[in-house]
Structure formats: C-alpha cells, structure tokens
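Just below is one structure, and these are the notes that go with it.
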Amino acid sequence: MENKARILSFYDCFLIAGVTVTSIVYSMVTRTFDLTGLMAGITGVVCVVLVAKGSIWNYLFGIVNVSLYAWISYKASLYGDAALNALYYFPMQFIGIWQWRKLGAESSNQVRARRLNAWQRIGVFVSAVFLIAAFGFLLRTFGDPQPFKDSATTVLSIIAQILMALAFMEQWLFWIITNIISIIMWAVCIAGGEPHAELMLIMWVFYLLNSLNGCRVWLRLSR
C-alpha cells in the first residue's frame, strides 16, 4: 500500500466525526447519556475506518468495540450477535494482529490486499447460504425474535472476519450485506424499545458508509 494511505482522508474524518456528533446530538435531544452505546459506536467506526486503510491498529479499537457490542446485543436478546462478538470476534482480534503481521504489516503497520479466485468465491457463497439457513432455524428454537436476520449477520460476519484476517478484498461484499441487515435489525429493536438501539443504528449506518468506501479502496489495492 502507498504511504499516503496511512493518512486519514476527509471521508475518514467525516465518518469518525459523524458518528460522534450524531450520537452526542441524539443524547442531547433525548436527554439521555448512553456511555456504553456511545463508546461502542465511536470505537467501532474508528476500527472499520482503519480496516479500510489496511492499518493493523484497527484491532486495538476492535477489542473495545466487540466487548461492548456483545453486552449490548445480549441485553437486546440478539443472542447470535452476542455470541458472535464475545466468542468469535474478540479472540479474532488477536488472531488478526498475528495474521496481518505475517502478511506485511509487521514493518509498515499495513497489510497487502489480495483477492479470492472464482472457485473460492463460489465455495464461500454456497457455504454462507447453507449456514445462514441452518443457524436461523437453531436461533428460532432458542426464541430469538429475529432469527434469520440475526443468523445472516452472524454467519456473514464470521466469513467476512476470516476474509479480513486473510486480507482478501471480498470481505467488503460481506460487510456491506451485513451492515444493511444490521440496520434493519436494529430499526426493529428501536420499535421494540430496546436500550442502546438508536445508537447502534447510527453506528451501523456509518459502518455501511465505510464498507462502501473500503470496497472501493481494496478493489484498487488488490489488483
């Protein structure tokens, strides 16, 4: 990656400032102060912005974000997301640091982007469809209020995180789909009066904006 990629762009600053200001304004309007939701949103957006830049420092912010998000999801009865963050995302932060150092980030703090071949893409897609259906039925038996949306975000996030740790560009396609489904899921939670839901919706909107930018950047960097 080029050295200039290390510098935050105007768009990156917009995303970080946007989620911070929007969350604070929301707290002022509603006369509530949700420190957990605020910290989850800010650290989450900083994390994904750094992922889009290919910076290994994203994992430090990721550790804080996934810990807070796991707690928030559990309180909202989104057990798939809670388990995903606590049992998978959290340890994957440390695995990601180790893997990215192997893929070139040890000396430059930035990783070399690459792409899947055609057969790998087909295999990943078929696996995703099967796992979403299977996990969705399982979550429904446990009383998850949104089993298949929760399943989709869980399975797609697992696949995206693996592709992210291995520095494959295709991670962003899965992140974009996950972001869209998560926005819908948290909108439903807002209607149900779940705590932290509004700030989580704000966070996922900015995640989506970053994923679109990350896809654009990594398409170029993985050529």
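The values are calculated or read from the model by the stated rules, or taken from the named source; none is laboratory data. Computed from a prediction, not measured in an experiment: that's the story for all the values here. Glycine gets a Cβ as well: all are built from the backbone with ideal geometry, and neighbour counts include every protein chain shown. Note: accessible area is taken over every heavy atom of the protein model, side chains too, but ligands, DNA and RNA are not part of it. Shrake-Rupley method; radii C 1.70, N 1.55, O 1.52, S 1.80 Å.
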key: Selected residue (only one of ILE177, ILE202, ILE184, ILE162 is closer than 18 Å to TYR26 by Cα and among the β-branched types (Val, Ile, Thr))   = ILE202
request  = Search segment 117-176 for residues being among the basic types (Lys, Arg) and more than 14 Å from ALA82 (Cα to Cα), and hand back the single one that is nearest to the chain's Cα centre (by Cα).
outcome  = ARG121
ask   = Across segment 117-165, what is the total count of residues that are closer than 21 Å to ALA187 by Cβ, of a type outside the set (S, T, N, Q) and assigned to a loop (DSSP other than H, G, I, E, B)?
value = 3
request  = Name the one entry in TRP100, TRP119 that is of a type outside the set (Asp, Glu) and open to solvent by less than 60 Å² (accessible area, probe 1.4 Å).
outcome  = TRP100
inquiry  = If I filter segment 139-186 down to residues being polar (S, T, N, Q) and over 20 Å from VAL124 (Cβ atoms), which single residue comes out as least open to solvent (accessible area, probe 1.4 Å)?
reply    = GLN146
key: Selected residue (only one of ALA113, ALA128, ALA83 is at pLDDT below 90, small (Gly, Ala, Ser) and open to solvent by less than 40 Å² (accessible area, probe 1.4 Å))   = ALA113
inquiry  = Here's a check for you: in segment 194-203, which residue that is touching a residue at least 24 places away in the same chain (Cβ under 8 Å) and open to solvent by 20 Å² or more (accessible area, probe 1.4 Å) is farthest from PRO145 (Cα to Cα)?
reply    = ILE202
ask   = Would a scan of segment 180-196 turn up a residue that is acidic (Asp, Glu) and part of a helix (DSSP H, G or I)?
value = no
message = It is to be established whether one or more residues within segment 211-221 are in a helix (DSSP H, G or I) and within 23 Å of ALA86 (Cα to Cα).
response = yes
key: Candidate set from segment 13-56 (those that are out of contact with any Lys or Arg (no Cβ under 9 Å at 6 or more places or on another chain) and outside any helix (DSSP H, G or I)); member that is nearest to GLU170 (Cα to Cα)   = ASP34
key: Meets criteria (under 23 Å from LEU15 (Cβ atoms), touching a Gly at 6+ places or on another chain (Cβ under 9 Å), at pLDDT 90 or above and open to solvent by 20 Å² or more (accessible area, probe 1.4 Å)) for LEU60   = no
query = From the list GLY54, GLY44, which one is buried (at least 24 other Cβ atoms within 10 Å of the Cβ) and within 19 Å of TRP204 (Cα to Cα)?
reply = GLY44
